[in-house]
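Below is one structure, written out as structure tokens, with a few remarks after it.
The values are calculated or read from the model by the stated rules, or taken from the named source; none is laboratory data. Computed from a predicted structure; not experimentally measured. With ideal geometry, Cβ positions are generated from the backbone for all residues, glycine too; neighbour counts draw on all protein chains shown. Surface areas here come from the heavy atoms of the whole protein model, side chains and all, with no ligands, DNA or RNA. Shrake-Rupley method; radii C 1.70, N 1.55, O 1.52, S 1.80 Å.
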Amino acid sequence: MNFFPAAVALARKDLRLFFRDRTGMLLGFLLPISLVTIFGYLMGLMSGDGGSSPMAQASIWVADEDQSESSQAFVALLRESPMLRVRPRLLEDGTLQDEPYDAATLRQRVIDGDTDLALIVGNGFADAIAHSELAPLTLVRDPGRQMESQLARIGVVQALGELTEGRVFTSMMAKQMRDAGTPEVMIQGMEQVSQDQYQMFQGVMQGEGLVATEDHAPPERDEDVSYAQAQAVGGIAVMMVLFGLTAAATTLLRERDEGTMRRLLSLPMPPGSILLGKALSTMVVGMIQIMLLFAVGEVLFGIGIWRDPLTLFVLMLSTVAAASAFGLLIASWAKTPKQAEGMSTLIILVMSCLGGSWFPLQMLDLPAAIEVAMRMTINHWSVSGFQDLFWKAQSLGDSGIQASVGVLWLFALLASLLAHRLFRRNYLGRA
Amino acid sequence: MIQAKQLCLSYGERLAVDHLEFTIEQGECFGLLGPNGAGKSSTLACLSGLGDGWTGTIEVQGKAVRPAKELAVRRSFGLVPQDLAVYEGMTARENLAFFGELAGLNAGERGTAIDRGLALAGLEDRADDRVDQFSGGMKRRLNLAVGDVHQPPVLFLDEPTVGVDPQSRNHIFETLESLASEGRTLVYTTHYMEEAERLCQRILIMNEGKSLGCGTHEELTAQAELPSGSTLEDVFLHMTGRSLRDG
Ligand SMILES: Nc1ncnc2c1ncn2[C@@H]1O[C@H](COP(=O)(O)OP(=O)(O)O)[C@@H](O)[C@H]1O
Ligand SMILES: [Mg+2]
């Protein structure tokens, strides 16, 4: 039989066997789907705010020692801050999820590492607010949590400003001017003006007037697309396809152990058909798998698969081709199925971690060596391709996507060539 | 018909086939008899063009088996491997159809080949059952039928009766005898003397990759310088020695 027809016949045989093995198929499809669901959901939770940026919230425990109307209003304002998750959590019915801790307990919890941030609203809070004096507020923090404590500080100051309609800023400024020896007339003048100009203070707090802001986003981007969830779906999909296709490709090893390989090699067809057949069948399985995963991503998280289906398809196909070639490389190299499983698990986990399957690494400032390592992974090119498509709303005409597609196919080509060499040595050489 | 010269195959240091020379005539059933590890399967691997680690020459009907690209040569033989080389997840019919297609049968030829194969294996009633539901004997019979699905002029059979019940063994024997009577050439490896004696006109006795003698029962008896009327077993043990074989 000729090269291509034989490869197609072999691929049909593999697919028939694959779809008959119910358990294997369930594992091959259900496991990835549940992982995508869980990761996508968690990414959404962690990033809050529509998933635009991971972890832009600080969790803060509050001890209200004052228990006044004023302090309670203040805590209520804190709860409204988009930057803070105030604990104990306030439930729908207006009750607290847990008993609040007192100040001493909270300090101990920070020391013990059970809590990273705590705010103590001291006795006399209401009095201080009423007399426009500095309120007794203490932020107890673990110095290891810089980012969260910055967020907390901003959230607290904003709430304080809102509670006092800006008077807190006026009095703070007055105190500083007084300390600096400013004549009382000027201070009173400042107080007079700013009392009426709370709006202005609010503006200053937001940085308005100091920094001009403009809002821009790719106009084609689907409004519901969440950065973190698109990342999670793409990342986990690539990882699961790598695992799935390596498992599919290593049926080559099983055929060698069980003897069908010997029979296949004795048949009147070019032996390369066996490798091509395996590549075709793994790619079909991979395409089904990855399409299912993105469909789940669309239904659950609205990652936006309908904006540019052609580009999505090309990216999927490139990813699947690279993953399939990787699987064949492992299968041609390994002496035993155990070896194949161990080596592929190791490489896939490292690639997934470095390549941004688990966490959007490209958001960080990476040392050059890691940056280079990242660029050597299948995951990186695939995940950034999907991000370019969903988040940057790019398409096949854009260089980012072209780079991803190009590198993935280059990877597929090189891995296939190497796999073919190893196949000749390890399968044909020792029949 | 088949001519092997200076055939050698080594796995690393070990010579599994050691300068074998033999000729197999058209229509004959040729036996390769030897204890476990003698190199019978390795010899069949060379004959069927597997691997490229061997040296020497093999010609089938005057055409070299190598380079392996010579698909026409391959079409002239079928291999029945020692391992059960069928897909457990597919039915008997599907296995026959699949290997028949790869062996080069077109859709029309396949239909008759499958029916013939099922009859050959005595599996007409179980044609559409998956192989993983078959007994050892049924799998062996299917293994044989699959190797013969394209009815090649030459059939290489590697211990095709290992581990089967007497009924299946008898079925396989009758099948092979009928193939032989059609004028097909059979190359049969075994470590059972009685099988070789019943089926094969000429036998090559091999051990540790080397040929110890080749010919009919009488010729082998003479080569071993044993009294005529000695059993094949006497000849075999005389040639290969009586120590235990563990691979
Ligand atoms: N793939 C292999 N790698 C290494 N040694 C092998 C391999 N296959 C067979 N051998 C060795 O070659 C010798 C001949 O094996 P084989 O041809 O299978 O013998 P037989 O079929 O007569 O039992 C044995 O010693 C066996 O251990
Ligand atoms: Mg053997």
Report summary line: Residues of region B:162-210 being within 14 Å of ligand 1 (Cβ to nearest atom) and polar (S, T, N, Q), in sequence order, are B:T189, B:T190, B:N207
Report task. Hey, could you check region B:152-163 for residues that are under 29 Å from B:Q26 (Cβ atoms) and either hydrophobic (A, V, I, L, M, F, W, C) or over 10 Å from the mean Cα position of the chain (by Cα) (or both) and say which is nearest to ligand 2 (Cβ to nearest atom)? Result -> B:V162
Requested in this report: Take region B:194-208 and flag every residue that is surrounded by fewer than 23 Cβ atoms within 10 Å (Cβ to Cβ) and within 16 Å of ligand 2 (Cβ to nearest atom).
Outcome: B:E195, B:N207, B:E208
Query raised in the report: Hey, among B:T240, B:T189, B:T175, which residue is within 16 Å of ligand 2 (Cβ to nearest atom), under 17 Å from the mean Cα position of the chain (by Cα) and not assigned by TED's automatic domain parsing to the domain that holds B:D125?
Result: B:T189
Query raised in the report: Filter region A:388-431 for residues that are outside any helix (DSSP H, G or I) and of a type outside the set (A, V, I, L, M, F, W, C); which is nearest to ligand 2 (Cβ to nearest atom)?
Result: A:R430
Query raised in the report: Does region B:15-36 hold any residues that are β-branched (V, I, T), away from ligand 2 (no atom under 16 Å from the Cβ) and open to solvent by less than 10 Å² (accessible area, probe 1.4 Å), and which are they?
Result: B:I24
Query raised in the report: Just wondering, is there one or more residues in region B:212-225 that are more than 16 Å from ligand 1 (Cβ to nearest atom), among the polar types (S, T, N, Q) and under 30 Å from B:G117 (Cβ atoms)?
Result: no
Report summary line: Of all helices (runs of 4 or more DSSP H) fully inside region B:1-105, the set with 1 or more residues that are within 12 Å of ligand 1 (Cβ to nearest atom) and at the interface with chain A (Cβ under 10 Å from one of its Cβ atoms) is B:40-47
Query raised in the report: Inside region B:120-132, can you point out the residues that are assigned to a helix (DSSP H, G or I) and over 20 Å from the mean Cα position of the chain (by Cα)?
Result: B:E124, B:D125, B:R126, B:V131, B:D132
Query raised in the report: Which condition number in (1) within 14 Å of chain A (Cβ to nearest Cβ); (2) of a type outside the set (A, V, I, L, M, F, W, C); (3) open to solvent by less than 40 Å² (accessible area, probe 1.4 Å) is the one that B:T175 fails?
Result: (1)
Query - Residues of region B:215-247 classified as open to solvent by 40 Å² or more (accessible area, probe 1.4 Å), under 18 Å from B:E25 (Cβ atoms) and either touching a residue at least 12 places away in the same chain (Cβ under 8 Å) or in contact with a strand residue (DSSP E or B) (Cβ under 9 Å, 6 or more places away or on another chain) (or both), total - result: 2
Query raised in the report: Failed condition for B:G163, given (1) at pLDDT 90 or above; (2) on the phi > 0 side of the Ramachandran plot, with all others met?
Result: (1)
Query - Lone unmet requirement of (1) modelled with pLDDT of 90 or more; (2) farther than 30 Å from B:A72 by Cβ; (3) away from ligand 1 (no atom under 16 Å from the Cβ); (4) not β-branched (V, I, T) for B:S230 - result: (1)
Report task. Output yes when any residue across region A:254-277 is within 14 Å of chain B (Cβ to nearest Cβ), open to solvent by 20 Å² or more (accessible area, probe 1.4 Å) and modelled with pLDDT of 95 or more, and no when none is. Result -> yes
Report summary line: Picked from region B:37-59 (must be within 15 Å of the chain's Cα centre (by Cα) and polar (S, T, N, Q)), the residue surrounded by the fewest Cβ atoms within 10 Å (Cβ to Cβ) is B:S41
Requested in this report: Return yes when A:G400 is within 18 Å of A:V320 (Cα to Cα), surrounded by fewer than 23 Cβ atoms within 10 Å (Cβ to Cβ) and small (G, A, S) and no when it is not.
Outcome: no
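Conditions tested, residue by residue: (1) on the phi < 0 side of the Ramachandran plot; (2) open to solvent by 40 Å² or more (accessible area, probe 1.4 Å); (3) outside the structural domain of A:L293 (by TED's automatic domain parsing).
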| position | (1), (2), (3) |
| --- | --- |
| A:K338 | yes, yes, no |
| A:M343 | yes, yes, no |
| A:I347 | yes, yes, no |
| A:Q362 | yes, yes, no |
| A:H380 | yes, no, no |
| A:L389 | yes, no, no |
| A:A393 | no, no, no |
| A:S416 | yes, yes, no |
